[in-house]
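Accompanying notes for the structure given below.
The values are calculated or read from the model by the stated rules, or taken from the named source; none is laboratory data. Just so it is clear, the model here is predicted, and its values are computed rather than measured. Cβ: placed from backbone, ideal geometry, glycine included. Neighbour counts: every protein chain shown. Ligands, DNA and RNA are excluded from the accessible area calculation, which covers all protein heavy atoms including side chains. Shrake-Rupley method; radii C 1.70, N 1.55, O 1.52, S 1.80 Å.
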Amino acid sequence: MQTNFTLAQLSDPDTAQSEKILRTCVHCGFCTATCPTYLLTGDELDGPRGRIYLIKDMFEGGQAASATVAKHIDRCLSCLACMTTCPSGVHYMHLVDHARKHIARTFRRPIGERWLRKLLAVVLPRPALFRGALRLAGFGRPIARILPGRLGAMTRLAPAKLSEASPVDRPQVFEAEGARLKRVALLNGCVQTVLRPGINEATIRLLTRHGVEVVVAAGAGCCGALTHHLGEESPALNSARRNIAAWWREIEGQGLDAIVVNASGCGTMVKDYGFLLREDRGWAEKAAKVAALTRDITEILDEIGLRPVRQEGPRRVAYHSACSMQHGQGLDALPRRLIASAGFELCEIPDGHLCCGSAGSYSILQPGFAGQLKTRKLANIARAKAEVLVAGNIGCLEHLAGGLDLPMIHTAELLDWATGGPKPAGLNSAAG
Ligand code: SF4
Ligand code: SF4
């Protein structure tokens, strides 16, 4: 694609980067066919190619973001299916991230929308605040189904019963069982520690059972993805720096073989720290090293070798491949292979490349699109005729929860059980 930027514009590193990306697009439109929002509206501007043109015009013109640009970029899930499909290697993720940042800086949203975005950016990354907000939202739960739009979407987030904070989410070291094969830091995260603390507990049991020492580093917390996707650059980069500093102390101390992430949305973000902080001289090198050390839980298990034992219970598993896992990190076959190697039968979900509509805070900000994608995903999951649904991302699990009469658990919970851990709570009601 031909571009027309001035030299002055290209002196900005973000614009120079976006120009490079724009030039790789040959506007073939292959990506459009796999874009979930294009499938819903049929509007070129709700597909990747249309969005790329909108972004190009906005940056070349040196303009503030228009209402049209904001509308169509806001509708994008950042699911990255377009990146998997693109034959030309267009890095849509970095392009749309730059556009979101520009929109946040230059577009004045209606006041209600501004406050909602601020609220999400402040509350979601802070477990104590988020826990308090869920308690409040719990009062509206009985009428959540009839509440309209965003209010309904937020209220439905509140679980029927809020778990207590888990002791594993405090800074500490969990020793490896037997000979120590690796020493890793676990990113415990923010939302996950409140909504499903059992996922981190299962991850720690699973790793230590396989000879891995697990460190929960003091000072580490939210990865920054939630604010990053809202276009809020400064808090996102502060989260990244805080995590890097926390893990760097461990790297310089007893050393780390990896930084393990068990929420694929966060994994995609941490693996991108090197890019995000590339212009920050004080942090660029450390950020690149941390990004290079980052592994999804399934990658580290694959390196060590899973040791399954026979367990009685459901065997037919539908694996929901989260977009941040399959498109963001290029991990699709590996989690399936691990699940199969643990003795489970995989039941294929049709159209597995399409997003479920969760996408971080998207399900709250765009409840209409998110709801349509959820309905479509649930129908496809039902077609798989599985006894349990497994996914490697808390956002998808929460978004789909309760939509089918089917237990929905994290990959780490399934593999923990399959290698000698307790049966996940959700499976007690399932067959077996
Ligand atoms: S598939 Fe790639 S090259 Fe083709 S229009 Fe989409 S982004 Fe551009
Ligand atoms: S990230 Fe997903 S929703 Fe956004 S343009 Fe690409 S395929 Fe479409």
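Counting only DSSP beta bridges whose two residues both lie in region 156-309, roughly 20 percent are antiparallel.
Taking every C-alpha pair closer than 8 Å and separated by at least 6 residues, the mean separation divided by the residue count of region 1-111 gives a relative contact order of 29 percent.
When the Gaussian network model of the chain links Cα atoms closer than 10 Å, the mean-square fluctuations of 80, 406, 397 top out at 406.
Among the trypsin sites (Lys or Arg not before Pro) found in region 149-242, those both in a DSSP coil and sparsely packed, with 16 or fewer other Cβ atoms within 10 Å of their Cβ, are 161, 180.
Annotation for region 329-352 versus region 239-267: alpha-carbon center distance of 27 Å.
Put +1 on the Cβ of every Lys and Arg and -1 on every Asp and Glu Cβ in the chain; which of 314, 253, 119 then has its Cα farthest towards the positive end of the dipole? The Cα lying farthest towards the positive end belongs to 119.
Over all orientations, the chain has a Cα convex hull whose mean projected area works out to 20.0 square nanometres. Only helical runs count toward this figure. For the chain, summing -39,500 (n - 2.57) over DSSP H runs of n ≥ 4 and dividing by all residues gives -14000 deg cm²/dmol at 222 nm. Inter-label distance, residue 30 to residue 315: 3.9 nm, where each label sits 7 Å from its Cα along the C-beta direction.
With both labels modelled 7 Å from their Cα along Cα-to-Cβ, the residue 160 to residue 4 distance reads 6.0 nm. Among 31, 82, 222, the residue with the largest mean-square fluctuation in a Gaussian network model of the chain, with springs joining Cα atoms closer than 10 Å, is 31. Couplings for region 180-192, taken from phi via the Karplus curve 6.51 cos²θ - 1.76 cosθ + 1.60 with θ = phi - 60°, read 7, 8, 8, 10, 10, 9, 9, 7, 6, x, 10, 4, 4 Hz in order; Gly and Pro are left as x.
At a probe radius of 1.4 angstrom, the accessible area of the chain per residue rounds to 42 square angstrom. With the full set of protein chains in place, find how many percent of the accessible area of the chain is carbon and sulfur; take the probe as 1.4 Å. Carbon plus sulfur share of accessible area: 54 percent.
Of the GluC sites (Glu not before Pro) found in region 131-221, those in coil by DSSP whose Cβ has at most 13 other Cβ atoms within 10 Å are 164, 175. Taking the chain as a Gaussian network of alpha-carbon nodes connected by springs under 10 Å, the highest mean-square fluctuation of the residues 138, 152, 62 belongs to 62.
What trypsin sites (Lys or Arg not before Pro) does region 335-432 have in DSSP loop regions with at most 16 other beta carbons within 10 Å? Here the sparse-neighbourhood loop sites are 385. Cross-link list 118/385; 71/289; 20/289; 71/286; 118/374: which exceed 29 angstrom alpha carbon to alpha carbon? Beyond 29 Å between Cα atoms: 118/385; 71/289; 71/286.
In the assembled protein chains, residue 93 presents an accessible area of approximately 30 Å² (probe radius 1.4 Å). Give the distance, in whole Å, between the Cα centre of region 20-59 and the Cα centre of region 194-208. Here the two parts' Cα centres lie 38 Å apart. Per the Kirkwood formula applied to alpha carbons, region 313-432 shows a radius of gyration over Rh ratio, Rg over Rh, of 0.95. Label region 210-327 by shape, choosing from rounded, prolate and oblate, from the square roots a ≥ b ≥ c of the eigenvalues of the Cα gyration tensor; if a/c is under 1.5 it is rounded, and otherwise prolate applies when a/b is larger than b/c, oblate when it is not. Verdict is oblate for region 210-327. If you take all other residues with their beta carbon under 12 Å from the beta carbon of residue 420, and give Lys and Arg +1 and Asp and Glu -1, the sum is +3. Of the whole protein surface, residue 344 contributes about 10 Å² of accessible area at a 1.4 Å probe radius.
A simple count of charges around residue 89, restricted to other residues whose Cβ falls under 12 Å of its Cβ and scoring Lys, Arg +1 and Asp, Glu -1, yields +2. Judged by a Cβ-Cβ distance under 4.7 Å, the unpaired cysteines of the chain are 25, 28, 35, 76, 86, 347, 356, 396. If you wrap the Cα atoms of region 146-194 in a convex hull and average its projected area over all directions, you get 5.4 nm².
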